[in-house]
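Taking it in order: structure first as structure tokens, then the write-up.
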Amino acid sequence: MTQFSALNQPTAYLFFTGKGGVGKTSLSCASAIALADRGLRVLLVSTDPASNLDEMLGVTLSDKPKPVPKVNGLFAMNIDPEAAAIAYRTRVLDQLGPDADDDEKSLVREQLSGACTTEIAAFDEFVDLLAGGAPEFDHIVFDTAPTGHTLRLLSLPKAWTGFLESNERGASCLGPHSGLKMQEDRFREALQCLGDPARTTIVLVTRPDRGAIREAARTSGELSALGLSNQLLAINGRFRATDKADAVASAIAREQEETLAAMPDALTELPRAEFPLLAVDMVGLPALRALMSPMPSHPVAVETGEMPLDLPGLSELVDEIANGERGLIMVMGKGGVGKTTIAAAIAVGLAARGHAVHLTTTDPAAHLSFVVDGAMPGLTVDRIDPAAETRRYIDKIMASRGRDLDDEGKALLLEDLASPCTEEVAVFHAFSRVVGEARSAFVVIDTAPTGHTLLLLDATGAYHRQMTRHLEPGASGRLITPLMRLQDPDYTRVILVALPETTPVSEAGALQDDLRRAGIEPYGWVINKSMAATGTRDPLLRSRLKGERAQIDRVRTDFARRAYLLGFCTMPPVGLTELERLASD
């Protein structure tokens, strides 16, 4: 492999972005280690609310830079949305000054209590780093959340700069007007930094499969539209069959070759590097260093014994769900584990069993239509489109709150609704509407990757607290919030999806803990893409089976009340026929 050109960029900021599960964290960690090994001071930052830097590097991190053991010059941190929100509220309240009375402070606390402020606070931490908040480092490497969340993050400097330039009154989630000028200057500086190729490089990470390539091409175009054109392409997980007679290995290698040959022109024109599929999980310093400078090797097949595949398949899960007449099924997990495919297969399986099903997604970067690729009786497929939902929400507010306003009042209300926060509120309202549909039919939701989903659940919790804050203890009533529906096991089944690998299992386990703290108990786990179920004899693929078996055992013993197993598919399961087959296995 040729030297990864991103490490030779003179830019101070390196962003790694891409579809969930393509290896952003692995490559960002490996790049940060390689830069530090050259004697540079490097800060590695995760902007993912569900960061797994701790596990990858073997160190407990916080929202402050912490040295990484055994890597001189490397520091790492997680941007913690909750901690950032607390610090942000404190700063805003301090701006009020000593003359502010209790009523004023109470009003500001109320304004800053929502999930939108949490996003703004985390974004504020990100802006601080771009605006020179860590001058002691030569490079800052950002390990970002999956694409949809990251595009939102990178678009905020432009969105907030434009909003503040045209709105003298500001927005409640930013705090009092006295602090807005300072925010405007910082947002503008962040926007200039992101668009300056002398300071910032964007690394588009993908795997050689059609979905990831398609997402990388879309991301490249959207980033270019934001003025972020200094892009590099990193293709991770490149596989070449060692045993040419092995049907599974040959099929995987052939599919990758065909996918790369058909890559869109927008990607073929970018500087490009390839990283091989390795025999081990990308956890720990030795594995991460091997990723950036792999030694030529010929893996020897590891004899793990035949794994007893006694876990039920997806058909049993679909049968259990189909025993009811309606309900909400939420499919969750780390990016890249196959949530969209599993959600689509469950929905198709339920429709094939004679039920009416609404299949939708909360993932801004998801494309359910590509997976379903067809129509069948009883199945409705759509997506929660942030732009469309924002327009719908604004129209609704203008028709209600703006109905009796004069022209000046309507103009001021419309100006307020131009805030980037409006999108978050609109998406939450759309999510709540979809949750409510499960009172009379089956609704299957393909959720965004973990971090984005946690923010949506935070909004659900904040809304619940707001709606119930003034109810008398024990008061009876017919108020049912979306959170109450998610907490009701007779109404909602949460399905966690994981690959049989260390990081996806750990992240799904952490998500399960977060859900339980919110009073939501997962129904079961789907372990997806098991290589053991294929019977492959390829040495490299076989060498990965020992770790796979350990992770399947870990899911069964440590996490899941119910577990279901799906084998690796040599071809992506696309279309109604393939999805129905999955739901019947």
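In the stretch 331-348 there is no residue that is open to solvent by 20 Å² or more (accessible area, probe 1.4 Å), closer than 16 Å to Thr447 by Cα and without any contact (Cβ under 8 Å) to a residue 60 or more places away in the chain. Within the stretch 236-268, can you find the residues that are modelled with pLDDT of 90 or more and closer than 28 Å to Gln192 by Cβ? Answer for the stretch 236-268, where residues must be modelled with pLDDT of 90 or more and closer than 28 Å to Gln192 by Cβ: just Leu267.
Here the stretch 515-537 is the region considered, the condition is being crowded, with 18+ Cβ neighbours inside 10 Å and at pLDDT below 85, and the residue that is nearest to the chain's Cα centre (by Cα) is Met531. Report whether or not Phe442 is at pLDDT 85 or above and of a type in the set (Phe, Trp, Tyr). Yes, satisfied.
Within the bounds of the stretch 224-235, is there any residue that is surrounded by 15 or more Cβ atoms within 10 Å (Cβ to Cβ), aliphatic (A, V, I, L, M) and modelled with pLDDT under 80? Yes, some residue in the stretch 224-235 is surrounded by 15 or more Cβ atoms within 10 Å (Cβ to Cβ), aliphatic (A, V, I, L, M) and modelled with pLDDT under 80.
Quick one: in the stretch 369-395, of everything that is of a type in the set (A, V, I, L, M) and not in a loop (DSSP other than H, G, I, E, B), which residue is nearest to Leu414 (Cα to Cα)?
The first filter runs over the stretch 369-395 and keeps only residues of a type in the set (A, V, I, L, M), leaving 371-372, 375-376, 379, 381, 384, 387-388, 394.
Filter once more, so that each one left must be not in a loop (DSSP other than H, G, I, E, B): 371-372, 379, 381, 387-388, 394.
Details: Val371: 38, Val372: 38, Leu379: 37, Val381: 32, Ala387: 16, Ala388: 16, Ile394: 8 Å.
So, considering only residues that are of a type in the set (A, V, I, L, M) and not in a loop (DSSP other than H, G, I, E, B), the one nearest to Leu414 (Cα to Cα) is Ile394.
Residues in the stretch 187-219 that are of a type in the set (S, T, N, Q) and open to solvent by less than 10 Å² (accessible area, probe 1.4 Å): Thr200, Thr201, Thr206, Thr219.
Evaluate the following for Thr242: is it open to solvent by less than 20 Å² (accessible area, probe 1.4 Å), over 25 Å from Ala30 (Cα atoms) and among the hydroxyl-bearing types (Ser, Thr, Tyr)?
No.
Taking the stretch 13-131 and the helices (runs of 4 or more DSSP H) fully enclosed by it, the elements with 2 or more residues that are more than 25 Å from the chain's Cα centre (by Cα) and at pLDDT below 85 are at 81-95, 102-111.
The residue that is nearest to the chain's Cα centre (by Cα), counting only those in the stretch 286-308 that are open to solvent by 80 Å² or more (accessible area, probe 1.4 Å) and at pLDDT below 75, is Met295.
The values are calculated or read from the model by the stated rules, or taken from the named source; none is laboratory data. These figures come from a predicted structure and were not determined experimentally. Here the Cβ is made from the backbone with ideal geometry for all residues, glycine too, and neighbour counts use every protein chain on show. Surface areas here come from the heavy atoms of the whole protein model, side chains and all, with no ligands, DNA or RNA. Shrake-Rupley method; radii C 1.70, N 1.55, O 1.52, S 1.80 Å.
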